[in-house]
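> Input: one structure, supplied below.
The values are calculated or read from the model by the stated rules, or taken from the named source; none is laboratory data. Treat the numbers as computed from the prediction; the structure is a model and nothing was measured. Note that each Cβ is placed from the backbone with ideal geometry, even for glycine, and that neighbours are counted across all protein chains shown.
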């Protein structure tokens, strides 16, 4: 399967998801916009948080967390669900996690543009010089996400409980990661253990860079490197030990 075929598969997925709806692909952007507006309404009027450009802060974290969660949950069963295709056409199993990530990246771009326009109508999006480094940190997120998604997709046929462990982890990480509230409001003990929270490591450096123009600290860079190394080791082990016979366990 080539990169072009992955893009075609991605477009087919979008057409399947939204093709029969009256609003069609507009739902790609409409759903996160409504969610973002409601979240901003709650945190600006019910749970008051004093932070500049809080709407933009929530937007960056919320969209990024959604992208990560959707990629993980759609990838965990992608090999198992496509076992007949893999066995019949001898397609490499890694292409399915890649296709899922590209699909969710496609949705993320649409959602970001729509949400950014809405936020800009009511406030302003902060612009910082350090934003030029944003593509590098986002590329890091995508690389780590691919390694994790490819690993869990291979592990799932052997150990199907991993799907439920991921669901619980994503739910806990939603509130353990400061995407609705600033880091300054985290208790000291919670901040210390956050350096071992993969969602914190992936999301917070990028959000702070986009929102405040702050580059990650040395300790945060060390955590990012550690997560990358661990993800790579798990991926290599999964490829060498499990990938060869994965189709027989599906």
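> Say we look at segment 207-220 and pick out the residues that are exposed (fewer than 15 other Cβ atoms within 10 Å of the Cβ) and out of contact with any helix residue (DSSP H, G or I) (no Cβ under 8 Å at 6 or more places or on another chain); which of these is nearest to residue 134 (Cα to Cα)?
Among those that are exposed (fewer than 15 other Cβ atoms within 10 Å of the Cβ) and out of contact with any helix residue (DSSP H, G or I) (no Cβ under 8 Å at 6 or more places or on another chain), it is 217.
> Oh, and also: Give 179, 193, 183, 143 a once-over and let me know the one that is more than 19 Å from residue 76 (Cβ to Cβ) and under 15 Å from the mean Cα position of the chain (by Cα).
None of the other options fit; the residue is 179.
> Can you name the residue in segment 120-144 that is part of a helix (DSSP H, G or I) and at pLDDT below 85 and is also surrounded by the most Cβ atoms within 10 Å (Cβ to Cβ) among such residues?
Here the answer is 120.
> Please enumerate the residues belonging to segment 48-81 that are free of Cβ contacts under 8 Å to residues at least 40 places away in the same chain and under 11 Å from residue 153 (Cα atoms).
Within segment 48-81, 74, 81 meet the criteria.
> Give the residue, chosen from 117, 165, 147, 108, that is surrounded by 12 or more Cβ atoms within 10 Å (Cβ to Cβ), out of contact with any helix residue (DSSP H, G or I) (no Cβ under 7 Å at 6 or more places or on another chain) and modelled with pLDDT of 85 or more.
Going through 117, 165, 147, 108 in turn, the sole match is 165.
Let's see how each residue does on (1) crowded, with 17+ Cβ neighbours inside 10 Å; (2) over 23 Å from residue 211 (Cα atoms); (3) at pLDDT 80 or above; (4) under 17 Å from the mean Cα position of the chain (by Cα):
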| position | (1), (2), (3), (4) |
| --- | --- |
| 7 | no, yes, no, no |
| 12 | no, yes, no, no |
| 27 | no, yes, no, no |
| 52 | no, no, no, no |
| 57 | yes, no, yes, yes |
